[in-house]
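These notes are about the structure you will find just below.
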Amino acid sequence: MSTQVHANLTEEQVREISGDLDEPDWLLETRLEALAALEDLEMPDVIRTPGRDWTNLHELDFESLVDPLNAAEDKDQVGPEEAEVLSWADAVQEHEDLLQDHFGSIVDPQENYLTALSTALFSTGTVIYVPEGVDAEDVTVRTEQNSRSLFNYTLVVTEESSSVTILERQSTGEEAEEQYYSGIVEVAAGENSYVQYGSLQNLSEEAYNFTLKRGVADTYATIDWIEGNLGTQLTKTEVSTELRGDSSETQIVGAFYGHNDQHFDLDAKVWHRAEHTTADLVTRGVTDDVARSVYEGVQDVGSDAWDTSSYQRENTLMLSDESEADASPKLIINNHDTEASHSATVGQIDQEDLFYMTSRGVDPRAARNMLVEGFFVPVLAEIDVDELREDLENLIGTRLRERA
């Protein structure tokens, strides 16, 4: 079923967005092709069982959510002098060749309806370029949405033997009744380079969110992702890495906390496409009230991926009888020289642990909160970025204290 929800989108709007950014003709053409493809494209894949889609993206009302020419934000993007951290408009002027080489090379602009929509309409973004041999720490990108819809694009390119640590935040400033945030991230990690990309999404709980973060790792390169999700009423997100070079590595660490009627649809994926590659996927989350989480994890080992190590763990803690959590971990192995495992668990707070603590004088509510905070410790311990780890801990603690 194709998606017919773009009657209010026009070629003139796309041309105006591209013109305001002073983009070259090839970029405008990419946008227009994405716009034209909308009527034939499907929504992103979701897990389906007979008679049910685990996430119903077709209920999104783009006619009311998307306002292409009204994009307002407060953006703060900074980094060390050795690396280039540029707005999209500046990158168009200063690094057109870099953009032409990498834009749309990892995430196909027409992969699905939402990627095409974002490609056609994005008006803000960040390009992070790390030259050969440079170690760049403390790159931060903070985006505060102040409009009904916002489409954001991020490109990260690291040259040989360089490294970068990135902290990205999305939050809401001036709140509309409903908002839509879309973010596409492409990471091209050069030979023997290291990228750590930490993201914390804390948008308004009236917002809808679609993000796709995807990286390609060259020989001996490492891409580590940290993904925290607390905001929105509906989030559909994918974080994935293609291990294209020999001895490349990736880690995907995820944490989420859903309450009220929030819905999180989270994908973590790795494609092993070279020899001696390693992947570790670990996600922990909580659902409360009538919140729902859907998790899909995929480890795909190609026929040429000799000596592969790939591990996946997903654990969800349900704090109410009305909340829901589903997980679908998958192994796709086409090479026998592979060590791989996957697991997923869903459960509630251990009543014996709770009884033990309350019987020793701990208030029942404090005991419950301590157990939930302890549940997140294995994930938080994997986060090397102190600021991100502390922010996530504080937000989880605040939500627990607000719980009735």
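Need one word for the stretch 355-404: rounded, prolate or oblate. Basis is the Cα gyration tensor (sqrt eigenvalues a ≥ b ≥ c); a/c below 1.5 gives rounded, then a/b vs b/c decides.
In terms of gyration-tensor shape, oblate.
How far is the Cα center of the stretch 287-314 from the Cα center of the stretch 28-62, in Å?
With the stretch 287-314 and the stretch 28-62 each reduced to a Cα centre, they are spaced 22 Å.
State the answer as a single residue: which of Pro131, Gly231, Val216 lies farthest towards the positive end of the charge dipole of the stretch 123-248, with beta carbon charges of +1 for Lys and Arg and -1 for Asp and Glu, about the Cα centre.
Checked the options; the winner is Gly231.
Expressed as a rounded percentage, what relative contact order does the stretch 195-343 have, with Cα pairs under 8 Å and six or more residues apart?
19
In square angstrom, what is the accessible area per residue of the stretch 42-162 with a 1.4 angstrom probe? It would help to have the intermediate numbers written out before the result.
Numbers: 5100 Å² over 121 residues.
Counting only protein heavy atoms, the per-residue value for the stretch 42-162 is 42 Å².
Just how far, in whole angstrom, is the stretch 330-404 from the stretch 135-159 if you go by their alpha carbon centroids?
Here the answer is 28 Å between Cα centres.
Taking every DSSP beta bridge with both residues inside the chain, roughly what % is antiparallel (nearest 5)?
DSSP beta bridges in the chain are roughly 10 percent antiparallel.
When the chain is treated as a GNM, springs tying every alpha-carbon pair under 10 Å, which of Phe355, Phe103, Phe122 comes out with the largest mean-square fluctuation?
In the Gaussian network model the winner is Phe355.
Consider just the alpha-carbon atoms of the stretch 9-130 and return their Rg together with their Dmax, both in angstrom.
Using the Cα atoms of the stretch 9-130, the pair Rg, Dmax is 16.5, 55 Å.
Kindly provide the helix-only [θ] at 222 nm of the chain, computed as the sum of -39,500 (n - 2.57) over DSSP H runs of four or more divided by all residues, to the nearest 500 deg cm²/dmol?
Taking each H run of at least 4 residues, the total per residue is -6500 deg cm²/dmol.
Only one of the values [x] 0.96; [y] 1.05; [z] 1.01 was calculated from this structure for Rg/Rh (Cα atoms, Kirkwood Rh); name its label.
Among [x] 0.96; [y] 1.05; [z] 1.01, the one calculated here is [x].
Calculate, in nm to one decimal, what Asn260 and Ser309 gain on full extension: separation in residues at 0.36 nm each, minus their alpha carbon distance.
Full extension of this stretch gives 13.8 nm more.
Ranking request for peptides 328-340, 90-102: highest mean number of other beta-carbon atoms within 10 Å first, then the rest in descending order.
Working: 328-340: 13.9, 90-102: 15.6.
Output ranking for 328-340, 90-102: 90-102, 328-340.
With a/c under 1.5 counting as rounded, go ahead and sort the stretch 286-404 into rounded, prolate or oblate using the C-alpha gyration tensor (a ≥ b ≥ c being the square roots of the eigenvalues; past the cut-off, prolate if a/b is larger than b/c, else oblate).
Judged from the Cα gyration tensor, the stretch 286-404 comes out prolate (a/c at least 1.5, a/b above b/c).
Find the accessible area per residue for the stretch 308-404; the probe is 1.4 Å, ligands and nucleic acids are left out, and the unit is Å².
56
What spacing in nm lies between the two simple spin-label points modelled at Arg48 and Asp350, each 7 Å away from Cα in the Cβ direction?
4.0
Under a Cβ-only charge scheme (Lys and Arg +1, Asp and Glu -1), can you give me the dipole magnitude of the stretch 114-209 about the Cα centre, in debye to the nearest 20? Numbers along the way, then the final one.
Details: 3 positive and 16 negative charges, 41 e Å.
With Lys and Arg at +1 and Asp and Glu at -1, about 200 debye.
State the extension gain, in nm to one decimal, for the chain segment bounded by Trp26 and Glu402, taking 0.36 nm per residue of separation less the distance between their alpha-carbons.
On the way: separation 376, 0.36 × 376 = 135.36 nm, distance 5.02 nm.
Fully extending the segment from Trp26 to Glu402 adds 130.3 nm.
Might you report the magnitude of the Cβ-based charge dipole of the chain about its Cα centre, with Lys and Arg at +1 and Asp and Glu at -1, to the nearest 20 debye?
The calculation lands at about 1600 debye.
Expressed as a whole percentage, what fraction of the accessible surface of the chain belongs to carbon and sulfur atoms when a 1.4 Å probe is rolled over the protein heavy atoms? Walk me through the intermediate numbers first.
Working: 6990 of 16480 Å².
C and S atoms contribute 42 percent here.
The values are calculated or read from the model by the stated rules, or taken from the named source; none is laboratory data. The model shown is predicted, which means the values in this text are computed figures rather than measured ones. Ideal geometry is used to build each Cβ from the backbone, glycine not excepted, and the neighbour counts take in all protein chains shown. For accessibility, only protein heavy atoms count, side chains too; no ligands or nucleic acids. Shrake-Rupley method; radii C 1.70, N 1.55, O 1.52, S 1.80 Å.
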